[in-house]
Amino acid sequence: MSENAAQALARMFERMSQVIETEKDRLSELDGAIGDGDHGITMSIGFKAVNAALAKLDLDTATLSEVMSTAAAGFLDAVGASTGPLYSTGFRRAAQALATRSELDLAANRDMLVAISEGIRDRGKAQRGDKTMLDVWLPAAEAATTAVAEGRSKQEFWSAVTAAADNGAAATATMVAAKGRAARLRERSLGHLDPGAVSATALVRAMAETM
Amino acid sequence: MAIKTSSPRKGGIGRVNGPEGVDSIPLRYGDDPYVWACWLYYEDGMTQGEIAEAMGVSRATVNSYLADAREKGIVNISIEPARLASLTIAQELKRHFGLSDCLVVPNDDNTRPLIGRLGAAGAQALAKLVKSGDTLAVAWGRTVLSVGEHLETGPLQDVTVVQATGGTTANFTYTPELTTAAVARAISARCVNITAPAVVASAEMQRMLLAEPLIREQFDTLARANRIVFGISSLRPNSTIHTSGFFESVPLQHYLAKGAAGVLAGRFIDERGRPVDGPLDDRTIGMSLEMLRGIGTRVAVAGGFDKVPALLAALRGGYVNVLVTDAATGAGILRADGVTSLDGKLSQRQKSAPVANAYRTHVKKFLNNPNDVVEEMLDGLIAAHKPYLQPVPGSRRALVARNGPRPGKVGLVIGGGTGHEPCFVGYVGKGLADAVAVGNIFSSPPPDPIAKCAVAASGGAGVLFVYGNYAGDVMNFEMAAELVEEQGIPIRTILTTDDVMSSPVEDKEGRRGVAGNFFVFKVAGAACDRGLTLDECEAITRKANDRTFTVGVALESCSMPQTRRHNFEIGPDDMELGMGIHGEPGVSRERVRTADEIVDTIMDNIFKEMKAEAGDRVAVLVNSFGATPLMELYILFRRVEQRLAAKNITIEANWVGHYCTSLDMAGASISILHLDRQLTDLLHHPCQSAILTINAPEPDEAARN
């Protein structure tokens, strides 16, 4: 039996959890330099909870939108912190964006990326250049939008999206944090990558690998 | 020998301090107190006070040793540290980016505006660089205009100053025309303006204008430019680029979306300095990036942390070969580009060998499974504090006071991450908080338990949310408030912001909440217990927060149960001033001083903001971050009491101990609540909780006075 779209989306979250596990210590270390050192742990708890919540869902009948909103609720109930509201709002927006879709084609992936980035932006009231995960999600969503508009192939789409994400994460080292605990450090945050941006690239890469 | 080197520290305080004073000069100083004093001062970086102690002489003697040493030529090079630092940064920028020269303005405590300081420095650089017969292109901008205003050159002949871009609307003072004119006037040069707009309506219009003989002639002059001075604009929301009218906002979004990091002479570059194309390219009249890079001397004048990405982009792209910036921005650029050698060069402290790390890599803790610490703690805590609190049915992360909520009373909900025990659970009980939402370590609880707390605490008169001002807590409590208000329970929120060091006073609302929570919870709990209205409770709680001031100092960072490693290292001789309660770094790293000196620094910072007068009353909290023992807290309290007494301020009540911790962090904070009659009254209102119990007032006040 071939995999349906809901199963594919659930597999994406599984992969996200795996990459976060691999990166967990590095993320906490990055966070230790400019934050409270728990980003890897928080992300790990969050994505484990997402997968636990998805395990209870009947993926044979579930819609894409249901997978997304289940992920949103699972993440939020498990972690709180700042990543909880941010990702759960992003995933909830994605659930709305995917409400009318049943296939995970490039347009659906674009909508998902755009919805996640807008949800995160609206909840956190951050902007590009504030040294946050948005510096990854916004460029990734914009690259996805451009790639779809230009009729790019699937491979080109994801390579543009991951390149934009990676660039965005790298650029956070040159930024002075304007949001979150790192913002108190002012210029002392220069030269450090933002852990939220680094975990965001890991998630984008997990999307690229599974979609 | 005045340039400080990084030799290991030799004479520590107290170690060479004997009763025999200068008679005990260590052998290596050859019986010469001048050399000894100079060594301690210049090489070991000790203060004159520390040296006096080490040598067993008075400070005045040390002072005269140092002064005489200069005269005698024992010390013969001296560079002021701020200038030395800016010189070091300039050298490093020059080396790292292959610049032909670099001028870095020393930091001067921001007593003068940055633009003016940069303008003066840019003028100094230009005065050296511009020669007779030169053609100098000038791009528009605030900083470049300031260069023009400060510029004074020797007699120069046949210099032409040419505008690098077309013109803009004149609703600000630093238009291309005015900037160019200011520079030309200062040099007494011929001034050539570009008499076309910088941005025109269409590509066709641009072609037509550039074909006009007059404008072509102006561009011919521009093409002859052998030097250029320009500013660098960031694309951050506060940048003048958005308000100058130079660009319309819609195309600007296009460039942002394509990764633009900065603007030079009206042209966009990405973070690596590559040109970013967009709809304005063929509508812009002005120097191209290619032309700019072809000019021999390219002087960029810019500073400010917001500009770091843009400056870095311009440097990486090779658009700059003479940089004028300030020391803080210069150091920021280097740090942002991964240059770490600077820290060692700037530091007057010695880096000690990492002996401690080799000895032990993990902190020992009482643990079963590190992933279960919060759950297991809750098991113990719920059992231990049974008389005061119990879980809300259906969630162990929402705990409610047994005798707290009652009909007609405003409910008080507090909460936050764990790792701060006894914050926040210890303050749940009658007369204090009605319910507490419990998160993971240093992480806000999710909205669900917060909403459960609000429902449990509600007595029909509304609910107050009081919690520390952190992005995560704010988002989760806001989401919870939305959920609960849908159920018809009015919510008011007070964010605690007592940490004086976390933001300047102009941004008081942006400060974080730390141990001063204790006072705010106490006052809020009393107001609610008195049966005051939601409005009154909110106003009183806000007042308590406004009048609570905390400063913390950490000696060692904390370690998470999962990693059992310090979040970061505070050097063996250092302390972190303004450290937060999540192990996040503080605002500055300093050498550890005596307990009294540390308290003095803390109290000076508090007095700066607390407008207390003689005869006023305060409440004092000396709080351990976790690892610091009571013995040391009492030593701190001793000095707090002395400083308050010296101002004739009365301590109405005080607490010394573990009230808001940060796991096993070593350090302490001092919180002062500046009382008035109402706050005094509420402070003494009875309450019963696991950590704080106040009985109805009894006449035992005499002991304190």
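Pop the C-beta distance of B:K128 and B:R70 into the FRET formula with R0 = 41 Å and round what comes out to the nearest 0.05.
On the way: r = 30 Å, r/R0 = 0.74.
FRET efficiency, B:K128 to B:R70: 0.85.
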(message) Just to confirm my understanding: which cysteines in chain B have no other cysteine beta carbon less than 4.7 Å from their beta carbon?
(response) B:C38, B:C102, B:C191, B:C453, B:C528, B:C537, B:C558, B:C687
(message) Quick check: pseudo-label points 7 Å beyond the Cα along Cα→Cβ at B:N654 and B:E290, how many nm apart are they?
(response) 7.5 nm
(message) Treating only the Cβ of Lys, Arg, Asp and Glu as charged (+1, +1, -1, -1), what charge dipole size does chain B show about its Cα centre? Round to the nearest 20 debye.
(response) 1020 debye
(message) How big is the dipole moment of the stretch A:5-210 about its Cα centre under a simple scheme where the beta carbon of each Lys and Arg is +1, that of each Asp and Glu is -1, and everything else is neutral? Debye, nearest 20, please.
(response) 480 debye
(request) Give B:K409/B:K430; A:K179/B:K508; A:K131/B:K307; B:K94/B:K258 a once-over and call out the pairs whose C-alpha atoms are over 19 Å from each other. (result) B:K94/B:K258
(message) Counting just the Cα atoms, what span does chain A cover along each of its three principal axes? Round to the nearest Å and put the largest first.
(response) 53, 38, 28
(message) Beyond 38 Å, how much of the Cα-Cα pair distribution for the protein assembly as shown remains, as a whole percent?
(response) 53 percent
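Just to verify a number: FRET efficiency for B:R28 and A:R26, C-beta to C-beta distance, R0 = 41 Å, to 0.05? Display every interim value, and only then the final one.
On the way: r = 46 Å, r/R0 = 1.12.
That pair, B:R28 with A:R26, gives E of 0.35.
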(message) Could you tell me the calculated FRET efficiency between B:R677 and B:R396, based on Cβ-Cβ distance and R0 = 30 angstrom, to the nearest 0.05?
(response) 0.15
(request) State, to one decimal in nm, how far the label point of B:T47 lies from the label point of B:A696, with both points 7 Å from Cα in the Cβ direction. (result) 5.1 nm
(request) Would you work out which of B:V35, B:A481, B:M501 lies farthest towards the positive end of the dipole of chain B? Charges go on Cβ: Lys and Arg +1, Asp and Glu -1. (result) B:V35
(message) Over 10 Å intervals from 0, what percent of Cα-Cα pairs in chain B sits in each interval?
(response) 3, 12, 18, 17, 17, 17, 11, 4, 1, 0
(message) With an 8 Å Cα cut-off and a minimum separation of 6 or more residues, compute the relative contact order for chain B in percent.
(response) 9 percent
(request) Using a 10 Å cut-off on Cβ to Cβ distances, tally the other chain neighbours for every residue of A:85-91 and report the average as a whole number. (result) 3
(request) Sketch the reach of a paramagnetic label on B:R185 as a point 7 Å from Cα along Cα-to-Cβ, and name the residues of the stretch B:145-169 whose backbone nitrogen lies under 13 Å away. (result) B:145-151
(request) Ignore the peptide's own chain and count Cβ atoms of other chains within 10 Å of each Cβ in A:124-130; give me the average, rounded. (result) 4
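Averaged over every viewing direction, what's the projected area of the C-alpha convex hull for the stretch B:555-605? Give it in nm², one decimal, please. Don't skip to the end; give the middle numbers.
Details: hull surface 15.0 nm².
Across all orientations, the stretch B:555-605 yields a mean hull projection of 3.8 nm².
With a 10 Å Cβ neighbour count serving as the proxy for reagent exposure, in which order, fewest first, do A:I20, A:I34 appear?
Working: A:I20 23, A:I34 26.
Sorted ascending by nearby Cβ count, the order is A:I20, A:I34.
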(request) Compute the Rg/Rh shape ratio of the stretch A:44-125: radius of gyration over Kirkwood radius, all on alpha-carbon atoms. (result) 0.97
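If you keep only loop residues by DSSP, which GluC sites (Glu not before Pro) in the stretch B:114-199 have at most 16 other Cβ atoms within 10 Å of their Cβ?
Working: sites: B:E149, B:E152, B:E177; in loops: B:E152.
Qualifying residues, ordered by number: B:E152.
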(request) State the answer as a single residue: which of B:L630, B:G667, B:V656 lies farthest towards the positive end of the charge dipole of the protein assembly as shown, with beta carbon charges of +1 for Lys and Arg and -1 for Asp and Glu, about the Cα centre. (result) B:G667
(request) Kindly point out which whole DSSP H helices in chain A project their C-alpha atoms 15 angstrom or further along the helix axis while averaging a Kyte-Doolittle hydropathy of 0.5 or above. (result) A:39-55, A:64-79, A:134-149, A:195-210
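Net charge near B:G462: determine it from the other residues with C-beta under 14 Å of the C-beta of B:G462, scoring Lys and Arg +1 and Asp and Glu -1. Intermediate results must be reported in sequence, preceding the final value.
Values: positive: B:R406, B:K409, B:R492; negative: B:D434, B:E485, B:D535, B:E536, B:E538.
It works out to a net charge of -2.
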(request) For A:A177, list long-range residues whose amide hydrogen, built 1.01 Å from N in the peptide plane, is under 5 Å from its own amide hydrogen. (result) A:S189
(request) Any chance you could run the full-extension gain for B:Q642 through B:D600? It's 0.36 nm times the residue separation minus the Cα-Cα distance, nm to one decimal. (result) 14.1 nm
(request) With +1 on each Lys and Arg Cβ and -1 on each Asp and Glu Cβ, and nothing else charged, work out how big the dipole of the protein assembly as shown is about its Cα centre, in Debye to the nearest 20. (result) 880 debye
(message) Test of understanding: given chain A, find the longest segment containing no GluC sites (Glu not before Pro) that are in a DSSP loop and have at most 13 other Cβ atoms within 10 Å.
(response) A:4-102
(request) Please report the base-10 log of the normalised intensity I(q)/I(0) for the stretch B:370-546, using a Debye sum with one equal scatterer per alpha carbon and no solvent, at each q in 0.10 (1/Å). (result) -0.33
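Which loop GluC sites (Glu not before Pro) in the stretch B:605-705, with loop taken from DSSP, have no more than 14 other Cβ atoms within 10 angstrom of their Cβ? Show your work: numbers first, answer last.
Working: sites: B:E609, B:E613, B:E632, B:E641, B:E652, B:E701; in loops: B:E613.
Those satisfying the criteria are B:E613.
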(message) Residue by residue through the stretch B:429-438, what is 3J(HN,Hα) from phi via Karplus (6.51 cos²θ - 1.76 cosθ + 1.60, θ = phi - 60°)? Round to whole Hz and write x for glycine and proline.
(response) x, 5, x, 10, 6, 7, 7, 9, 9, 10
(request) Show me B:61-69, B:653-661 ranked by packing, highest mean number of other Cβ atoms within 10 Å first. (result) B:653-661, B:61-69
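Using a 10 Å cut-off on Cβ to Cβ distances, tally the other chain neighbours for every residue of A:170-179 and report the average as a whole number. Intermediate values should be presented prior to the final figure.
Numbers: counts 2, 9, 2, 8, 15, 8, 9, 0, 4, 1.
Average per residue, whole number: 6.
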(message) Which one, B:A302, A:S2, B:I581, is farthest towards the positive end of the dipole of the protein assembly as shown when Lys and Arg carry +1 and Asp and Glu -1 on their Cβ?
(response) B:A302
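FYI, it's all coordinate maths here, none of it is from the lab. This one's a predicted model, so the numbers in the text were calculated from it and none came from an experiment. Counting neighbours? That spans all protein chains shown, and the Cβs are built from the backbone with ideal geometry, glycine included.
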